[in-house]
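J.: What follows is a single structure, and I will ask about it in a moment.
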Amino acid sequence: MRPFLEAGLTKEWLHSRGHGAVAVFSDVDERAYDYLLDHWAKHQVVPPLEQFQLNYPARVLRLPEKLLPDSELIEFAVHEERREIVAETAVEVVDLHDDDQIDLAVQRIGEAARRLDAGLREPTGAIFNLGDPEWDVEAFLDDIRDPGVPLGIEAIDDVFYGFQPGQLIAIMGRQKSGKSWTLLHAAYQAWKAGHSGLIYSVEMSRDICVDRIYGLGAKVDPLKMHKHDKQDRPLLSKAERRRVLDFAAELTGDYGDTDLMISQHKAMFTVADIEREVDERGPHAVWIDGFYFLRDPITGASPGSDWKANDNVAAELKVLAERKHIPIIVTTQVKEKQYRGGVITADTIKGGGGLLEYGDLVLGQNKDDDDMRTINCVLSRFAWPDDFNFWIDWEAMEFSEASSGGMALL
């Protein structure tokens with residue numbers, strides 16, 4: 001149902017009797033689709049096929065023969081590319097229906113709806129032959145690529161050359177291990193490198209996010225920003241206040257060019273919600289603090305509580321990263337009972353293994369007893385970065401690498 005709803009085929013659209021609705025549904029098909037919409041609204045899942053057939057035994061929901069290139073839907077499609085998708089799908093689905101291949105026909109409808117929603121169709125003839133004599137290998141080797149979006153940790157950025165468009169990166173760890181701080185520090189470092197970012201924070205309010213980003217940029221403890229002492233004097237000194245204002249002026253100076261944005265979406269939003277805001281704002285990267293609080297429209301569950309939802313949402317995020325040509329960085333939790341001290345391992349991930357299946361890099365983050373953070377590589381599809389230790393100086397708001405030679409700022 002999700003691709004249809006996102007494409008605008010809602011209950012209001014169905015009952016409007018316009019905009020192509022008459023061409024797509026009529027008589028029993030209209031009532032059948034209306035039933036599916038009601039069931040989805042109540043349960044956030046489609047009914048089992050047996051239950052659906054009990055309600056509509058005469059005919060299984062299908063793409064009618066009316067859906068042809070000369071139908072009303074063609075006027076609604078607008079773009080020639082979409083017209084071709086509709087025409088091709090109509091012919092294919094009618095053939096499949098005649099052969100009683102209903103499940104495959106429904107699958108083809110879903111694929112077409114997703115392609116219509118994205119305004120794309122599969123390219124034809126897009127085959128690259130390495131032996132093509134026209135292929136300019138010299139030009140290929142001379143193509144010097146810019147570094148991707150940095151994480152702000154040199155040991156990892158050097159190996160990955162920054163995060164590249166289309167990559168999905170996950171940071172997993174226990175509660176209170178500092179994942180949110182690592183993600184915000186990374187978004188801030190990316191902004192410093194000239195990359196605009198869109199931040200989704202489930203566990204932190206907008207004001208807490210702003211405090212922390214201002215703290216990172218101005219090198220000020222964010223806990224001091226809104227507090228007073230017993231004499232009702234602000235804890236933030238005049239010099240610290242000036243640094244915050246100066247940093248805010250830097251952000252303002254880059255407005256519309258390199259922005260650091262915080263979404264107002266909170267728990268149980270979907271990847272489709274993220275895609276809409278990506279289309280509106282055009283960030284270079286997306287940062288999601290709390291993968292486990294997203295919602296899978298297919299199962300209606302969250303990735304932190306249902307393995308299938310975990311797989312679905314991770315797959316959607318990977319597709320979104322590739323389609324929008326941006327890296328997406330998420331944090332998620334591990335299961336406390338399965339946690340093995342010192343190093344985060346793949347079997348401790350909460351909810352399911354979707355990020356392990358679709359992620360390009362999965363990092364584990366642990367808070368040691370002495371307040372040192374350790375980051376280890378759980379999975380990597382390109383290279384295997386070394387383990388990394390760092391401290392956070394809360395007064396100066398500086399992240400510092402812990403090495404045998406002492407401390408070095410990140």
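J.: For the range 194-229, which positions are among the acidic types (Asp, Glu) and touching a Pro at 6+ places or on another chain (Cβ under 7 Å)? Outline the logic, then answer.
T.: Of all residues in the range 194-229, those among the acidic types (Asp, Glu) come to 203, 207, 211, 221, 229.
The one that is among the acidic types (Asp, Glu) and touching a Pro at 6+ places or on another chain (Cβ under 7 Å): 211.
J.: What about residue 142, is it more than 22 Å from the chain's Cα centre (by Cα) and either at pLDDT below 90 or charged (D, E, K, R) (or both)? Show your work before the answer.
T.: Numbers: more than 22 Å from the chain's Cα centre (by Cα): yes; either at pLDDT below 90 or charged (D, E, K, R) (or both): yes.
Yes; evaluated as a whole, the condition is true for this residue.
J.: What are the residues in the range 209-248 that are within 30 Å of residue 279 (Cβ to Cβ) and either free of Cβ contacts under 8 Å to residues at least 12 places away in the same chain or touching a strand residue (DSSP E or B) at 6+ places or on another chain (Cβ under 8 Å) (or both), if any? Spell out the reasoning first.
T.: Here is the first cut: in the range 209-248, the residues within 30 Å of residue 279 (Cβ to Cβ) are 209-214, 216-217, 247-248.
Once the filter is applied, which keeps residues that are within 30 Å of residue 279 (Cβ to Cβ) and either free of Cβ contacts under 8 Å to residues at least 12 places away in the same chain or touching a strand residue (DSSP E or B) at 6+ places or on another chain (Cβ under 8 Å) (or both), the range 209-248 yields 209, 210, 213.
J.: Restricting the search to the range 233-289, which residues are aromatic (Phe, Trp, Tyr), within 18 Å of residue 322 (Cβ to Cβ) and touching a Lys or Arg at 6+ places or on another chain (Cβ under 9 Å)?
T.: If we filter the range 233-289 for residues that are aromatic (Phe, Trp, Tyr), which is where we start, we get 247, 255, 269, 287.
Retained after the next criterion (residues that are within 18 Å of residue 322 (Cβ to Cβ)): 287.
Within the range 233-289, none qualify.
J.: While we're looking at this one, here's another question. Evaluate the range 128-147: report whether one residue or more is within 25 Å of residue 283 (Cβ to Cβ), among the β-branched types (Val, Ile, Thr) and in a helix (DSSP H, G or I).
T.: The initial filter retains those residues of the range 128-147 that are within 25 Å of residue 283 (Cβ to Cβ), namely 143-147.
This time we only want the ones that are among the β-branched types (Val, Ile, Thr), so: 144.
If we keep only those that are in a helix (DSSP H, G or I) as well, we get none.
No, there is no match, as no residue in the range 128-147 is within 25 Å of residue 283 (Cβ to Cβ), among the β-branched types (Val, Ile, Thr) and in a helix (DSSP H, G or I).
J.: Being closer than 28 Å to residue 283 by Cβ, open to solvent by 20 Å² or more (accessible area, probe 1.4 Å), at pLDDT below 90 and aromatic (Phe, Trp, Tyr) narrows it down to one of 382, 390, so name that one. Don't jump to the end; show me each part of the working.
T.: Details: 390 fails: open to solvent by 20 Å² or more (accessible area, probe 1.4 Å).
After ruling out the rest, the residue left standing is 382.
J.: Residues 288, 274, 298: which one is over 21 Å from residue 204 (Cα atoms) and β-branched (Val, Ile, Thr)?
T.: None of the others qualify; the one that does is 298.
J.: Okay, moving on. Of everything in the range 137-177, what is open to solvent by 100 Å² or more (accessible area, probe 1.4 Å) and aliphatic (A, V, I, L, M)? Give them in sequence order.
T.: Listed by number, the residues that qualify are 141, 144.
J.: Any idea which residue in the range 357-378 is modelled with the highest pLDDT, counting only those that are outside any loop (DSSP other than H, G, I, E, B) and open to solvent by 40 Å² or more (accessible area, probe 1.4 Å)? Quick ask: steps written out before the conclusion?
T.: Looking only at the range 357-378, we keep the residues that are outside any loop (DSSP other than H, G, I, E, B), and these are 357-358, 361-367, 373-378.
Filter once more, keeping what is open to solvent by 40 Å² or more (accessible area, probe 1.4 Å): 357-358, 367.
Numbers: 357: 90, 358: 93, 367: 84.
My answer is 358.
J.: Okay, next question. Can you pull out the residues in the range 287-321 that are among the polar types (S, T, N, Q) and open to solvent by 10 Å² or more (accessible area, probe 1.4 Å)?
T.: If we filter the range 287-321 for residues that are among the polar types (S, T, N, Q), which is where we start, we get 299, 302, 305, 310, 312.
The answer is 299, 302, 305, 312.
J.: Could you please let me know if residue 248 is surrounded by fewer than 20 Cβ atoms within 10 Å (Cβ to Cβ), of a type in the set (A, V, I, L, M, F, W, C) and farther than 25 Å from residue 399 by Cα? Give the derivation first.
T.: Working: surrounded by fewer than 20 Cβ atoms within 10 Å (Cβ to Cβ): yes; of a type in the set (A, V, I, L, M, F, W, C): yes; farther than 25 Å from residue 399 by Cα: no.
Criteria not met by residue 248.
J.: When you go through 108, 115 one by one, which is the residue that is part of a helix (DSSP H, G or I), surrounded by 10 or more Cβ atoms within 10 Å (Cβ to Cβ) and at pLDDT 75 or above? Break it down into steps so the answer makes sense when it comes.
T.: Working: 115 fails: at pLDDT 75 or above.
The match here is 108.
J.: I'd like the full set of residues that are part of a loop (DSSP other than H, G, I, E, B) and free of Cβ contacts under 8 Å to residues at least 40 places away in the same chain, limited to the range 148-177.
T.: 161, 162
J.: Take the range 203-222 and flag every residue that is open to solvent by 70 Å² or more (accessible area, probe 1.4 Å) and not in a loop (DSSP other than H, G, I, E, B).
T.: Of everything in the range 203-222, those that are open to solvent by 70 Å² or more (accessible area, probe 1.4 Å) and not in a loop (DSSP other than H, G, I, E, B) turn out to be 206, 207, 208.
J.: I'd like to check something: does the range 158-174 contain any residue that is closer than 23 Å to residue 400 by Cβ and in contact with a His (Cβ under 7 Å, 6 or more places away or on another chain)?
T.: No, the range 158-174 contains no residue that is closer than 23 Å to residue 400 by Cβ and in contact with a His (Cβ under 7 Å, 6 or more places away or on another chain).
J.: Consider the range 393-410. How many of its residues are modelled with pLDDT of 80 or more and among the hydroxyl-bearing types (Ser, Thr, Tyr)?
T.: Selection size over the range 393-410: 1.
J.: Here are the criteria: (1) small (Gly, Ala, Ser); (2) modelled with pLDDT of 75 or more; (3) closer than 27 Å to residue 299 by Cβ. Tell me which single one residue 90 does not satisfy.
T.: Residue 90 satisfies every listed condition except (3).
J.: Now for a separate question. Quick check, is residue 284 in contact (Cβ under 8 Å) with a residue 40 or more places away in the chain and surrounded by fewer than 16 Cβ atoms within 10 Å (Cβ to Cβ)? Please lay out each step first, then the result.
T.: Values: in contact (Cβ under 8 Å) with a residue 40 or more places away in the chain: yes; surrounded by fewer than 16 Cβ atoms within 10 Å (Cβ to Cβ): no.
No; evaluated as a whole, the condition is false for this residue.
J.: Filter the range 251-272 down to residues that are open to solvent by less than 30 Å² (accessible area, probe 1.4 Å) and either without any contact (Cβ under 8 Å) to a residue 60 or more places away in the chain or within 29 Å of residue 44 (Cα to Cα) (or both), then give me how many there are.
T.: Going through the range 251-272 one residue at a time, the tally reaches 5.
The values are calculated or read from the model by the stated rules, or taken from the named source; none is laboratory data. Quick caveat: nothing in here was measured; it's all calculated off a predicted structure. Neighbour counts run over all protein chains shown; Cβ positions are idealised from the backbone, glycine included. Accessible surface areas use protein heavy atoms only, side chains included; no ligands, DNA or RNA. Shrake-Rupley method; radii C 1.70, N 1.55, O 1.52, S 1.80 Å.
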